[in-house]
Amino acid sequence: WAFIVAGLPGLAIALLVRLTVREPPRGYSERASRSSETAAAGSSDSTAPPFWAVARPLASSAILRNTIIANTLVSFFGYALVLWVPVYLIRVHEMGTGEVGTILALLVGLGGAVGTFLSGLMADKLATRHPGWRAWVVVAAYAVALPLAALAFLADSAYATIALYVLPAILAGAYIGPSFAIIQSHVPLRMRSVAAAINLFILNIIGLG
């Protein structure tokens with residue numbers, strides 16, 4: 001029943017989107033004409049290219065390849081923490097499951113959502129100066145988060161652990177927005193959906209798996 005209850009809202013939202021949101025034309029958000037893009041892709045239709053036609057450019061580009069590898073490593077670390085931290089707080093600091101669940105829901109759920117949004121917003125603003133800032137925003141976030149996370153798990157008290165873990169929890173998803181923006185900005189318009197899908201597949205099958 002827990003799985004069913006968790007899944008039903010997603011189905012309702014999917015149905016709502018299907019009935020109310022119109023799919024925009026490919027490249028509609030681009031100011032410039034997309035004729036050069038479609039010519040470079042070898043087709044003028046709106047269908048997405050096949051898997052290997054996108055996978056090969058992703059693998060051959062150092063920027064794209066390294067971004068996907070980094071995404072995978074960060075998600076591996078992040079998913080591990082999501083599963084490990086509650087057990088750590090319960091076993092080491094003898095906190096109750098309800099207390100741990102409430103605290104982590106606020107830190108990881110609400111705080112993580114805010115951190116993910118703000119990191120993407122900051123990366124977009126700084127990228128107007130130089131596109132490399134998208135990656136540096138992620139570097140800066142984890143340069144702050146990782147030492148604090150290490151200190152959190154060396155702390156003697158539960159309250160010190162939670163206090164030190166606030167920023168790492170907020171910054172945990174800092175890679176999501178900037179990394180997808182990097183990938184989307186380095187592939188042709190027609191390849192964007194498949195490139196995003198490949199990135200998601202790899203980081204989830206390895207990171208979450």
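Scan the range 60-84 for residues that are over 17 Å from the mean Cα position of the chain (by Cα) and under 16 Å from Leu208 (Cβ atoms) and report the count.
Number of matching residues: 2.
Could you please find all residues in the range 177-201 being part of a helix (DSSP H, G or I), open to solvent by less than 50 Å² (accessible area, probe 1.4 Å) and of a type in the set (A, V, I, L, M)?
Correct list: Ala181, Ile182, Ile183, Leu189, Met191, Val194, Ala195, Ala196, Ile198.
Conditions tested, residue by residue: (1) modelled with pLDDT under 90; (2) loosely packed, with under 12 Cβ neighbours inside 10 Å; (3) hydroxyl-bearing (Ser, Thr, Tyr).
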position: Val5; (1), (2), (3): yes, yes, no
position: Ala14; (1), (2), (3): no, yes, no
position: Arg18; (1), (2), (3): no, yes, no
position: Ser29; (1), (2), (3): yes, yes, yes
position: Arg65; (1), (2), (3): no, no, no
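Is there any pair linking a residue in the range 58-70 that is without any contact (Cβ under 8 Å) to a residue 60 or more places away in the chain to one that is open to solvent by less than 20 Å² (accessible area, probe 1.4 Å) and of a type outside the set (Gly, Ala, Ser), with Cβ under 7 Å and at least six apart or on different chains, and which?
Arg65/Leu58
Which of the residues that make up the range 118-176 are more than 18 Å from Met95 (Cβ to Cβ), hydroxyl-bearing (Ser, Thr, Tyr) and either part of a helix (DSSP H, G or I) or open to solvent by 40 Å² or more (accessible area, probe 1.4 Å) (or both)? Give the derivation first.
Our first condition is that a residue be more than 18 Å from Met95 (Cβ to Cβ); within the range 118-176, this holds for 118-148, 150-151, 167, 170-176.
Checking which are hydroxyl-bearing (Ser, Thr, Tyr) leaves us with 119, 128, 142, 175.
Scanning the range 118-176 gives Ser119, Thr128, Tyr142.
Using beta carbons and a limit of 9 Å, which pairs, at least six apart or on different chains, have the first residue in the range 178-200 and of a type in the set (S, T, N, Q) and the second one outside any helix (DSSP H, G or I) and open to solvent by 20 Å² or more (accessible area, probe 1.4 Å)?
Hits for this filter: Ser185/Pro131; Ser193/Arg26; Ser193/Ala48.
The values are calculated or read from the model by the stated rules, or taken from the named source; none is laboratory data. Worth saying up front: this structure is predicted, and the values here are computed from it rather than measured. Cβ coordinates were reconstructed from backbone atoms using ideal geometry, including for glycine residues, and neighbour counts include every protein chain displayed. Side chains included, ligands, DNA and RNA excluded: accessible areas come from the protein's heavy atoms. Shrake-Rupley method; radii C 1.70, N 1.55, O 1.52, S 1.80 Å.
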